[in-house]
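Any read-out appearing in this document is the output of simple, stated calculations on the displayed coordinates, not a laboratory observation. Because the structure is a prediction, the values reported are computed rather than measured. Cβ sites come from the backbone with ideal geometry, for glycine too, and all protein chains shown count toward neighbours.
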Amino acid sequence: MQKLLLTLSTAAALSFTVLAFADGGNVHRVNGSIHIQAGQDAGDLHAVNGSVDVADSAHAQSISTVNGDIELGKQASAESVKTVNGDVELEDGARVAKNAQSVNGAISLGKGADVAGSAGNVNGRITLVAAHVGGGIRTVAGDIDIGADSRVEGGILVDEPHGHSSESRAPRVVIGPRAVVDGTLEFRREVELFVSRSAKVGTIKGATAKTFDGDKP
């Protein structure tokens, strides 16, 4: 049976943090964050108002929250991660077997991090640091920084905004030194696109790339 340590906050909101220990069990919270300790295993982790933190070398199945961040520590892993209002962060060597998604939040992948499926959001910066995404990158209004030595398969799509989500500022897309983007880079709205001379990219649709030397444009 799953052991849960509940820590009562002194705040008037009476928020909780759940520490889930290794037995593969599921954790569901409405108000409060979920923390999986280093090296532990867990099942599905679902929160409504709270963040989900999977510490170094720990593993979880499906992770989701509505209002909160999701963080995978170094060498941690999960089947999938999804948040509506919050950031997704994969530290060095962390792995997601399927998709990493946010609606309103940044997505960042540290050195050696891997998302086997797609990484996408509507609003928020997407950053790769010598990382890998296997199923493409998608956004509407977010900047994209494919850092040096990163690899993306499945291309990049910056979709057109719809309704009230329209943004006047053009997203900035940077493909860094020695980065590889396999597949089509499709831009359905105006963007600023910068591609390192040492990067390798597929067909570009809807934008004109500006090449640059050095680490950054």
**Study point:** Val180 paired with Asn49, simple spin-label distance in nm, labels 7 Å along Cα-to-beta-carbon
**Key:** 4.7
**Study point:** Under 22 Å from Lys200, Cα to Cα: lysines that are on another chain or at least 8 residues apart
**Key:** Lys111, Lys210, Lys216
Check your understanding: What Rg and what Dmax come out for the stretch 164-210 when only alpha-carbon atoms are used, in angstroms?
Key -> 11.5, 38
Practice item. Can you check how the C-alpha radius of gyration of the chain compares to 2.2 N^0.38 Å, as a plain ratio? Key: 1.07
Check your understanding: For the chain, with the dipole built from +1 on Lys and Arg beta-carbon atoms and -1 on Asp and Glu ones, taken about the Cα centre, which of Ala47, Phe194, Ile146 lies farthest toward the positive end?
Key -> Phe194
Point to revise | DSSP bridge pairs, the chain: antiparallel proportion in percent, nearest 5 | key: 5
Check your understanding: Taking 0.36 nm per intervening residue step and subtracting the Cα-Cα distance, what contour gain separates Arg172 from Asp92 on full extension?
Key -> 26.4 nm
**Study point:** P(r), alpha carbons of the stretch 90-217 - 10 Å bins starting at zero, rounded %
**Key:** 15, 50, 31, 4
**Study point:** Calculated FRET value between Asn31 and Ser57, using beta carbons and R₀ = 22 Å, to 0.05
**Key:** 0.20
Review point. Among Ser33, Ser108, Ser168, whose mean-square fluctuation peaks in a Gaussian network model of the chain (Cα, cutoff 10 Å)?
Key: Ser168
Check your understanding: Taking amide H positions as placed 1.01 Å from N in the peptide plane, with prolines and chain starts having none, which residues 5 or more places from Lys74, or on another chain, fall under 5 Å of its amide H?
Key -> Asp56, Ser57
Review point. Phe212's amide H: which non-local residues (gap 5+, or another chain) put their own amide H closer than 5 Å, with H modeled 1.01 Å from N in plane and none for Pro or chain starts?
Key: Val195, Ser196, Arg197
Practice item. Please give the contour-minus-distance gain from Asp215 to Asp159: 0.36 nm per residue of separation, less the Cα-Cα distance, rounded to one decimal in nm. Key: 17.5 nm
